[in-house]
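As structure tokens, the structure follows; a few thoughts come after it.
The values are calculated or read from the model by the stated rules, or taken from the named source; none is laboratory data. Every value quoted in this text rests on a predicted model; they were computed, and no experiment measured them. Neighbour counts run over all protein chains shown; Cβ positions are idealised from the backbone, glycine included.
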Amino acid sequence: MNKKKWALLALLILFSVWAVLPLLLVTIPYTEKEITLKPEEIKVSIFGKELNFQNKIRLGLDLQGGSHLLFLLDTNKLLKENVTEATNAARDIIEKRVNFFGVAEPQIFLLKDGQKYKVSVDLAGNKNPQEAIKLIGRTVQLDFREYQTKKVQQGTESAVVPYFVPSKLTGQYLKKATLVFDQQTGKPQISLLFDEQGKKIFATLTKKNIKKPLAIFLDNQLLTAPVVQQEIKDGKAVITGEFSIEEAKELVNSLNAGALPVPIKLLEQKTVEATLGKENVQKSLFAGVIGLLSVVVFMVGVYRKEGVVAGISLGLYALFSLALYKLLGIVLTMSGIAGFILSVGMAVDANILIYERIKEEKRKINDQPRAVRTGFFRALSAIKSANINTLLICLILFNPFNFAFLPQFGAVRGFALTLALGVILGLFTGVFITKNILWKIYKIE
Amino acid sequence: MIDFLKYRRFYFLLSGLVIVVGLFSVWRFGFEYSIDFIGGGLIEYNYQKNTEPVKELFKQYEDLSFQKTNHGFIVKGTKLDKKKAEQLDKKIKQKYQAKKKRFELVGPSVTRDNVIKIINAALLSVLVILIYIALSFKSWRFGLAAVVALLHDTLILVGIWSILSHLFGVEVDVLFVTSVLTIMSFSVHDTIVIFDQIREEEKQGTYQDTKDIINWSLNLTMARSINNSLTILLMLSALIVLGGESIRWFAVALLIGTLLGTYSSPFIASPVYYLLVKKGK
């Protein structure tokens, strides 16, 4: 390896250290100026796509606390050709509803499982999942109904009974709902604005019903039935009713999110308190550090000089892993941490294979540099086969094409992802970097 | 040179015995499944005081199981649904002021599909391993021997888990499944290293007899096998002793698997390969 490559490696290490660093602000002495050496967020635009790098390791729900909800979408009553559209729409609506809940970075996925469609919702740090479930499952159906009367004959007496007939105008044509306040009473009201089509329907409807009441129904319940004074052409309406500000807000949110095109059912609910998550992170990290240190001590004890090289390559391995987790925005879960720890073991294996081979060659050949060289290359084929094999298994576990006949759980996937990254990085540090350090030490050209 | 192959009947007998005992336990006692697999509810509490009175309370709920943890207790049951869980939670909060840490509800419909998917993943992995090794070592005998060792490790791990399940109430959960799949790949990882050596010795031609080739390869790779599993054991022991409670059994499964994987490569995979070659001649 020439000087250029060493410089490149040094740059890579510096960059990784920088990536691992937390938010860093430095004040220049004697001036009041602060420079940001490490910002909270970096946005890079590549080919028109915006990439966002967050300066933090993203933790799964089991580590930071939060709720995982799994809903089943009931697509039984849908026509086959509408299923894809309806389930995607349902996902989007659920996302809108969740966004009103104000949780940072909610994760919402549509999962296809054979003929079943499911939506998983991950809410970080959310303390009250019950409210979220209520909000997500809520189906607000808005429709306008016309007033009609009919004569009912009962015995000798006849009476005129009023009733309402559903009109074409429903929440489907709603463009926007907003919370407003009555200027006289200060009571909360909901102002509705219809889209182009809705405007036309509303205009004909109001024209037809001048001087008659027009009822607004929410979830099949009569809310209010104001009398139409004139034809309304601008597509605006106001709902007045006896609701509190909170209720009005919720209604506005639900109306804006729209009704779910399919009924949903809660299948699964998991909540982890943040304290338990914190405990898990601290303990696992501590265990990881101790484990790593004891491995280094063991390697130095068994392989002496080469053991130190192994220590260096392991240190770099840990550094690069952390940097990658941050840069790729990998969500780290408990099983992910376990995958990382196991991959450390496999990364060490590459080192052990190389050093055992070198030891063996040293016994045969007196020329040390030549022994190191031969031993290194002899070890490579086993390392290659063994690691390709592990990567293949990772591929099956991660299930990147989302095959329905393979597991799709987050826990298995997180594990496969960190293990695969670990194997690849392990090859880089355990083989490539180890080689260059050994070559330097033994002055091999 | 130590003649490892000489005692192959002993290895087969020992492994066969352990597998039979394990499978007997699977047949007789089965497993404790986590609610991820059978559906139901689970609530975990933080509770520093004596849990005995709480345990007494739960004697009246026949379909709920009570489990003490280091910092409190866990209540779970397959019939624990949302309504029951909320009632129970209120009662426990009032009576003991225990703090809720974890709450899980899983509908029964999630479950059976998952088991099938896991079995699919395992079978697909075995197939991929068999083909990959047969191709890269240019002999189906290597592939078959590696898969026999892999099945050996998996069967023993599953059997031991059934015994642990019966004795300590250890659960089969998603993490255990992950560990089984990992052990499958680790087992082969370890076997490949030895097979690579055998292939090299076959090419070099220092020894003519298959028996000598394999024995010599095992002598050469033994130090590597032991040192490698020692480092993994160091990592996993740290995880078992110092890590969080929720991954402890996961680490135990990986630890057992690592030991099995290291054992099976020289003592199962290599003798099986020897027998396959001998039969072919």
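Here are the numbers for the structure shown:
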{"read-out": "Residues satisfying the stated conditions in region B:211-223, i.e. facing chain A (nearest Cβ under 9 Å), closer than 26 Å to B:Lys281 by Cβ and free of Cβ contacts under 8 Å to residues at least 40 places away in the same chain", "value": "B:Leu220"}
{"read-out": "Candidate set from region B:160-197 (those that are in contact with a Phe, Trp or Tyr (Cβ under 8 Å, 6 or more places away or on another chain) and outside any helix (DSSP H, G or I)); member that is nearest to the other protein chains (Cβ to nearest Cβ)", "value": "B:Asp173"}
{"read-out": "Matching strands (runs of 3 or more DSSP E) fully within region A:27-114 where at least 3 residues are at pLDDT below 75 and outside the structural domain of A:Lys176 (by TED's automatic domain parsing)", "value": "A:34-38, A:41-46, A:49-54"}
{"read-out": "Per-region count, region B:224-239, residues more than 7 Å from every other protein chain (Cβ to nearest Cβ) and within 27 Å of A:Asp62 (Cα to Cα)", "value": "3"}
{"read-out": "Selection status of B:Phe73, modelled with pLDDT of 80 or more and not assigned by TED's automatic domain parsing to the domain that holds B:Val158", "value": "yes"}
{"read-out": "Answer residue from region B:41-80, given it is under 27 Å from the mean Cα position of the chain (by Cα), closer than 15 Å to B:Glu104 by Cβ and surrounded by fewer than 18 Cβ atoms within 10 Å (Cβ to Cβ) and is farthest from the other protein chains (Cβ to nearest Cβ) among those", "value": "B:Ser65"}
{"read-out": "Residue satisfying all of: in region A:232-264; acidic (Asp, Glu) and touching a Leu at 6+ places or on another chain (Cβ under 9 Å); surrounded by the most Cβ atoms within 10 Å (Cβ to Cβ) among these", "value": "A:Glu250"}
{"read-out": "Given (1) among the β-branched types (Val, Ile, Thr); (2) without any contact (Cβ under 8 Å) to a residue 60 or more places away in the chain; (3) within 14 Å of chain A (Cβ to nearest Cβ), index of the condition B:Ile256 fails", "value": "(2)"}
{"read-out": "Residue list for region A:322-337, restricted to those being part of a helix (DSSP H, G or I) and within 14 Å of chain B (Cβ to nearest Cβ)", "value": "A:Met334, A:Ser335, A:Gly336, A:Ile337"}
{"read-out": "Candidates B:Ala238, B:Ala223, filtered to the one that is part of a helix (DSSP H, G or I) and farther than 24 Å from A:Ala382 by Cα", "value": "B:Ala238"}
{"read-out": "Pairs where the first residue, in region A:372-398, is more than 7 Å from chain B (Cβ to nearest Cβ) and the second is of a type in the set (Phe, Trp, Tyr) and not in a helix (DSSP H, G or I), C-beta under 6 Å, 6+ apart", "value": "A:Val372/A:Tyr442"}
{"read-out": "Every residue from region B:118-136 that is facing chain A (nearest Cβ under 10 Å), under 21 Å from B:Ile198 (Cα atoms) and touching a Phe, Trp or Tyr at 6+ places or on another chain (Cβ under 6 Å)", "value": "B:Ile133"}
{"read-out": "Sole residue being within 33 Å of the chain's Cα centre (by Cα) and surrounded by 11 or more Cβ atoms within 10 Å (Cβ to Cβ), chosen from A:Gln148, A:Gln130", "value": "A:Gln130"}
{"read-out": "Residues of region A:414-445 classified as buried (at least 21 other Cβ atoms within 10 Å of the Cβ) and without any contact (Cβ under 8 Å) to a residue 24 or more places away in the chain, total", "value": "0"}
{"read-out": "Any hit, region A:210-225, residues being touching a strand residue (DSSP E or B) at 6+ places or on another chain (Cβ under 7 Å) and among the hydroxyl-bearing types (Ser, Thr, Tyr)", "value": "yes"}
{"read-out": "Filter result (under 25 Å from the mean Cα position of the chain (by Cα) and either modelled with pLDDT of 85 or more or among the polar types (S, T, N, Q) (or both)) within region B:81-120", "value": "B:Thr111, B:Asn114, B:Asn120"}
{"read-out": "Residue match in region A:300-317 (condition: more than 14 Å from chain B (Cβ to nearest Cβ), touching a Lys or Arg at 6+ places or on another chain (Cβ under 7 Å) and not in a strand (DSSP E or B))", "value": "no"}
{"read-out": "Hey, B:Leu242 without any contact (Cβ under 8 Å) to a residue 24 or more places away in the chain, more than 10 Å from chain A (Cβ to nearest Cβ) and not small (Gly, Ala, Ser) or not", "value": "no"}
{"read-out": "Residue in region B:146-159 that is touching a Phe, Trp or Tyr at 6+ places or on another chain (Cβ under 9 Å), farther than 24 Å from B:Ile35 by Cα, without any contact (Cβ under 8 Å) to a residue 12 or more places away in the chain and crowded, with 16+ Cβ neighbours inside 10 Å present", "value": "no"}
{"read-out": "Considering residues of region A:338-382 that are of a type in the set (Val, Ile, Thr) and under 24 Å from A:Gly414 (Cα atoms) only, the residue surrounded by the most Cβ atoms within 10 Å (Cβ to Cβ)", "value": "A:Val348"}
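For (1) touching a Gly at 6+ places or on another chain (Cβ under 6 Å); (2) buried (at least 22 other Cβ atoms within 10 Å of the Cβ); (3) more than 19 Å from B:Val272 (Cβ to Cβ), each residue gets a yes or a no:
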position: B:Thr182; (1), (2), (3): no, yes, yes
position: B:Phe186; (1), (2), (3): yes, yes, no
position: B:Asp190; (1), (2), (3): yes, yes, no
position: B:Val193; (1), (2), (3): no, yes, no
